[in-house]
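The values are calculated or read from the model by the stated rules, or taken from the named source; none is laboratory data. The model shown is predicted, which means the values in this text are computed figures rather than measured ones. For neighbour counting, all protein chains shown are included, and Cβ atoms are generated from backbone atoms with ideal geometry for every residue, glycine included.
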Amino acid sequence: MSTPLASASNTKTKLPNPKKVTIVGGGVIGVTTAFFMQQAGFEVRLLEATDKIAAATSKANGGQLSVSHAEPWATPDLPGQLPKLLTSKHSPLKITLTRDPHQYRWLLSFLRECLPARHLKNTLKLTRLGLESRTALKQIHEVLAHHKVDLTYARRDQGILHFYTNLDALASAQKPSKIKRAAGLAHRWVTSEEAKVLEPALSSVDGLLRASFTPSDSSGDARLFSLKLSRFILQQGAKIRLGAKVNRLKTDASNNRIASLLLDSGEVINLSDGETLVLCSGVHTPALTRPLGIYPQIYPAKGYSATYDVLDPSRVPEISLIDDEYKLVYSRFTEAGLGGDFGSGRDVLRVAGMAEIGGYDLTLDPLRANLITERVSALFGDAVNLETPNYWCGLRPSTPSNLPYVCGTKVSNLWLNAGHGTLGWTQAAGSAKRVSDLITASLF
Ligand SMILES: Cc1cc2nc3c(=O)[nH]c(=O)nc-3n(C[C@H](O)[C@H](O)[C@H](O)COP(=O)(O)OP(=O)(O)OC[C@H]3O[C@@H](n4cnc5c(N)ncnc54)[C@H](O)[C@@H]3O)c2cc1C
């Protein structure tokens with residue numbers, strides 16, 4: 001399988017008229033891909049297994065558009081921290097070994113990505129994709145504004161404040177910050193006093209040492225964004241089929257082209273001559289490609305989120321936060337309140353984190369989820385409703401390097417836009433634009 005992010009260009013194919021693309025997966029990656037393919041003049045069909053858009057990993061994530069924090073999980077310091085991380089009760093990381101050989105392969109590759117040279121390369125590539133995403137997201141806003149279509153998704157453009165309550169973590173944070181500065185990202189260290197001025201809700205945080213502030217970052221609700229964008233592409237003529245789970249990709253006699261898709265229901269969907277297929281199927285992408293001899297290293301890293309109703313708005317952060325010691329992110333969503341799927345109109349605090357590498361099981365462990373509430377209680381006390389948190393867990397489609405697969409494959413009309421791990425919301429627009437540009441370039 002080609003390297004993540006590689007721009008493997010497919011052989012030129014005969015074009016149908018109009019150009020057609022089928023996209024598998026209706027998460028934030030699939031929907032943004034559908035948008036840019038439609039903008040590039042393609043007739044779009046999107047197939048989603050569940051009965052809703054953004055019902056899987058894109059449903060209740062941390063909400064951060066954290067371009068300036070595009071650091072991979074695999075860092076040179078991580079192997080040394082693993083013994084503590086794997087034994088501490090409060091650790092955000094949990095590894096449960098399974099019988100799946102793909103898990104072992106993934107873990108070994110992950111350790112290799114901790115090498116300093118690879119970490120540097122991965123950070124720079126993630127940063128570049130993040131910056132592209134910022135531009136591409138602006139484009140999405142411009143197009144929808146031009147069509148006078150609402151694209152509000154509880155977005156806040158107040159930056160991200162990354163705070164430290166642990167000396168060792170603060171020391172190791174200095175290195176990536178140099179790398180990120182080299183990549184041209186605006187980033188400023190602030191004292192604990194300055195941090196409390198920027199975000200008064202931090203006044204109650206014990207042992208606050210320092211923080212780094214990235215004013216150009218944002219936050220927003222990825223699910224709401226995906227829903228509204230999917231509504232727009234539908235209005236513009238895309239076909240969206242929910243409850244359409246693709247079971248198998250079938251090639252033609254040459255084995256070099258996907259000719260049809262077999263759904264779980266038994267229905268067969270034929271692709272036209274020259275039609276492109278893009279897999280945006282998150283953690284389930286390898287299951288679709290492995291029978292074709294294509295092995296993307298995408299493995300689930302289960303994460304948790306908790307959403308709390310805000311009771312005292314003045315004591316709940318306005319700025320999106322990263323709590324370095326507990327590896328949690330905090331985003332305040334004041335939902336637009338259109339009702340139903342389009343937002344309840346409530347003022348909530350979303351807190352997300354944790355990583356469990358142990359397979360595809362989506363059972364929510366109440367003890368792990370409660371660790372989030374313990375920390376929120378320590379930081380913000382009764383400013384949020386701690387009695388009825390809305391817990392959720394999702395599977396990050398993680399690659400060892402954190403770099404997604406935005407590339408073609410050895411099958412001429414099969415493309416991937418998957419494996420965005422911890423940063424899929426941040427990088428959705430950029431990778432969608434990139435895959436759309438690559439596909440368009442390959443066809444002309
Ligand atoms: C706890 C947590 C916090 C996070 N916080 C952040 C954050 O703050 N900022 C950030 O940038 N990112 C964050 N992320 C990461 C981000 O949520 C993911 O990277 C992103 O949602 C992945 O989007 P996706 O579209 O690839 O996957 P999904 O949202 O999972 O979408 C894939 C879709 O494909 C469908 N599908 C799969 N297989 C098939 C099939 N065979 N046929 C048809 N459909 C199929 C699925 O049903 C699903 O709807 C977080 C993730 C978690 C778990």
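Report yes if some residue within the stretch 241-249 is under 16 Å from G27 (Cα atoms) and either polar (S, T, N, Q) or surrounded by 22 or more Cβ atoms within 10 Å (Cβ to Cβ) (or both); otherwise report no. Yes, that holds for at least one residue. At pLDDT 95 or above, out of contact with any helix residue (DSSP H, G or I) (no Cβ under 8 Å at 6 or more places or on another chain) and either more than 30 Å from L367 (Cβ to Cβ) or among the acidic types (D, E) (or both): does that describe N417? For N417, the condition - at pLDDT 95 or above, out of contact with any helix residue (DSSP H, G or I) (no Cβ under 8 Å at 6 or more places or on another chain) and either more than 30 Å from L367 (Cβ to Cβ) or among the acidic types (D, E) (or both) - is not met. Exactly one residue out of A186, A169, A154, A173 is in contact with a strand residue (DSSP E or B) (Cβ under 9 Å, 6 or more places away or on another chain), surrounded by fewer than 16 Cβ atoms within 10 Å (Cβ to Cβ), of a type outside the set (F, W, Y) and touching a residue at least 40 places away in the same chain (Cβ under 8 Å): that is A186. Filter the stretch 289-318 down to the residues that are farther than 15 Å from I372 by Cβ and under 20 Å from the mean Cα position of the chain (by Cα), then identify the one that is surrounded by the fewest Cβ atoms within 10 Å (Cβ to Cβ). That would be Q297. Annotation note: of G339, G394, G343, G353, the sole residue that is buried (at least 18 other Cβ atoms within 10 Å of the Cβ), modelled with pLDDT under 95 and not charged (D, E, K, R) is G343.
Taking the stretch 379-389 only, how many residues are in contact (Cβ under 8 Å) with a residue 24 or more places away in the chain and surrounded by fewer than 20 Cβ atoms within 10 Å (Cβ to Cβ)?
Of the residues in the stretch 379-389, the ones in contact (Cβ under 8 Å) with a residue 24 or more places away in the chain are 379-386, 388-389.
From what is left, the residues that are surrounded by fewer than 20 Cβ atoms within 10 Å (Cβ to Cβ) are 381-382, 385-386, 388.
So the answer is 5.
Evaluate the following for R396: is it within 15 Å of the ligand (Cβ to nearest atom), in a strand (DSSP E or B) and among the basic types (K, R)? When the stated conditions are applied, R396 passes them. In the stretch 205-225, the residues that are closer than 16 Å to Y330 by Cα and without any contact (Cβ under 8 Å) to a residue 60 or more places away in the chain reach residues that are more than 16 Å from the ligand (Cβ to nearest atom) and part of a strand (DSSP E or B) with C-beta atoms within less than 6 angstrom, at least six apart or across chains, in these pairs: A211/V190; S212/W189; F213/R188; F213/V190. Of all positions in the stretch 83-106, none carries a residue that is of a type in the set (G, A, S) and either in contact with a Phe, Trp or Tyr (Cβ under 6 Å, 6 or more places away or on another chain) or in a helix (DSSP H, G or I) (or both). Only one entry of E43, E71 meets the criterion of being acidic (D, E), crowded, with 17+ Cβ neighbours inside 10 Å and within 16 Å of the ligand (Cβ to nearest atom), and that entry is E71.
Exactly one residue out of T50, T32 is within 12 Å of the ligand (Cβ to nearest atom), of a type outside the set (A, V, I, L, M), in contact (Cβ under 8 Å) with a residue 40 or more places away in the chain and over 15 Å from R231 (Cβ atoms): that is T50.
Table: residues versus (1) of a type in the set (A, V, I, L, M, F, W, C); (2) assigned to a strand (DSSP E or B); (3) free of Cβ contacts under 8 Å to residues at least 12 places away in the same chain.
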{"site": "V329", "(1), (2), (3)": "yes, yes, no"}
{"site": "R350", "(1), (2), (3)": "no, yes, no"}
{"site": "M354", "(1), (2), (3)": "yes, yes, no"}
{"site": "Y360", "(1), (2), (3)": "no, no, no"}
{"site": "N370", "(1), (2), (3)": "no, no, yes"}
{"site": "Y391", "(1), (2), (3)": "no, yes, no"}
{"site": "L423", "(1), (2), (3)": "yes, no, no"}
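For T251, are the conditions met, namely being away from the ligand (no atom under 12 Å from the Cβ), more than 28 Å from V329 (Cβ to Cβ) and β-branched (V, I, T)?
Working: away from the ligand (no atom under 12 Å from the Cβ): yes; more than 28 Å from V329 (Cβ to Cβ): yes; β-branched (V, I, T): yes.
Judged against the criteria, T251 is a match.
Of the residues making up the stretch 83-106, those that are surrounded by fewer than 15 Cβ atoms within 10 Å (Cβ to Cβ) and of a type in the set (K, R) are K84, K89, R99, R105. Reported count of residues in the stretch 263-300, each being within 12 Å of the ligand (Cβ to nearest atom), in a strand (DSSP E or B) and within 18 Å of Y104 (Cα to Cα), is 1.
Scanning the stretch 107-129 for residues that are assigned to a helix (DSSP H, G or I) and in contact with a Ser or Thr (Cβ under 6 Å, 6 or more places away or on another chain), which turns out surrounded by the most Cβ atoms within 10 Å (Cβ to Cβ)? Result: N122.
Can you work out which of the residues in the stretch 409-444 that are surrounded by fewer than 24 Cβ atoms within 10 Å (Cβ to Cβ) and under 21 Å from L261 (Cβ atoms) is nearest to the ligand (Cβ to nearest atom)? Ranking the candidates gives L414 first.
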